[in-house]
């Protein structure tokens, strides 16, 4: 039995199935008064008369004292502190993942298939669901001892998406001369249907996630403008987290990609 069926069976046991999901001054202490008393020198004469030489000596001594006081104040005054501010580099915000609605997410999904962009499809997944899916599979014997993180690493999943896209494009080539990027899909908003509360609760419980909403996608047809060449496309579903919608990793994995992985 192919792994896809075993995984689907396990999810059915947990009330999660492919059918249910398809489709962040203080002033320096060394302050100087600058007004220290100037020592005045006076020459006392033996009598009360001050001679001219003595007066000159007093004047000279006073001047010397003033110079000394000024010099001392200059030496004791603290040097100005220079503060260097290191610029903190501005963090670049990460691109916002997810979509504003499940319909926008669905349009991006099918456009990526039409344009052949597997990396764009992978970027539509929510990391929480990828981790939850890997953890869940790791509790089963579905991979027969292989590591889910290795088996479902990005490069392997992207290659599986690439092969899935190639399969869709191959059908287009068989049915029409139009290149894939000229095709359209019959996607409309009414094809997206809200999942039941119990179903979503069980889904979150199984994967350890906390999605607040989920929408299933009904049958979508690839169209080349001629109804004779239309065919049903790949299924998908979408989950909501913190107001953003993502392509459901586990749904697409079970319904579309698991058969393209080397397991």
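Would it be correct to say that residue 119 is over 28 Å from the mean Cα position of the chain (by Cα), part of a helix (DSSP H, G or I) and closer than 26 Å to residue 241 by Cα? No; evaluated as a whole, the condition is false for this residue.
Do we have residue 64 as more than 30 Å from residue 257 (Cβ to Cβ) and either modelled with pLDDT of 95 or more or outside any helix (DSSP H, G or I) (or both) here? Judged against the criteria, residue 64 is not a match. Scanning the stretch 142-150 for residues that are closer than 21 Å to residue 246 by Cβ, modelled with pLDDT under 95 and crowded, with 17+ Cβ neighbours inside 10 Å turns up at least one hit.
You will find that of 130, 171, 165, the residue that is at pLDDT 95 or above and more than 18 Å from residue 261 (Cα to Cα) is 171 and no other. Within the stretch 112-124, being over 15 Å from residue 159 (Cβ atoms) and in contact with a strand residue (DSSP E or B) (Cβ under 8 Å, 6 or more places away or on another chain) holds for 114, 124.
Inclusion of residue 165 among residues that are surrounded by 15 or more Cβ atoms within 10 Å (Cβ to Cβ) and farther than 30 Å from residue 223 by Cβ is not warranted. Condition check: surrounded by fewer than 18 Cβ atoms within 10 Å (Cβ to Cβ), modelled with pLDDT of 95 or more and closer than 23 Å to residue 130 by Cβ. Does residue 248 satisfy that? So residue 248 does not fit the description; no.
When the stretch 133-147 is filtered for residues that are in a helix (DSSP H, G or I), over 23 Å from the mean Cα position of the chain (by Cα) and over 19 Å from residue 260 (Cβ atoms), the ones remaining, listed by number, are 136, 138. For the stretch 181-215, how many residues meet the condition of being surrounded by 13 or more Cβ atoms within 10 Å (Cβ to Cβ), under 20 Å from residue 131 (Cβ atoms) and in contact with a helix residue (DSSP H, G or I) (Cβ under 9 Å, 6 or more places away or on another chain)? Residues flagged as surrounded by 13 or more Cβ atoms within 10 Å (Cβ to Cβ), under 20 Å from residue 131 (Cβ atoms) and in contact with a helix residue (DSSP H, G or I) (Cβ under 9 Å, 6 or more places away or on another chain) within the stretch 181-215 amount to 9. State whether one or more residues within the stretch 88-97 are at pLDDT 90 or above, farther than 24 Å from residue 204 by Cβ and more than 19 Å from the chain's Cα centre (by Cα). Scanning the stretch 88-97, I find no residue that is at pLDDT 90 or above, farther than 24 Å from residue 204 by Cβ and more than 19 Å from the chain's Cα centre (by Cα), so the answer is no.
The values are calculated or read from the model by the stated rules, or taken from the named source; none is laboratory data. Keep in mind that this is a model prediction, so the values were computed, not measured. Please note: Cβ atoms are built from the backbone with ideal geometry, for glycine as well, and neighbour counts cover all protein chains shown.
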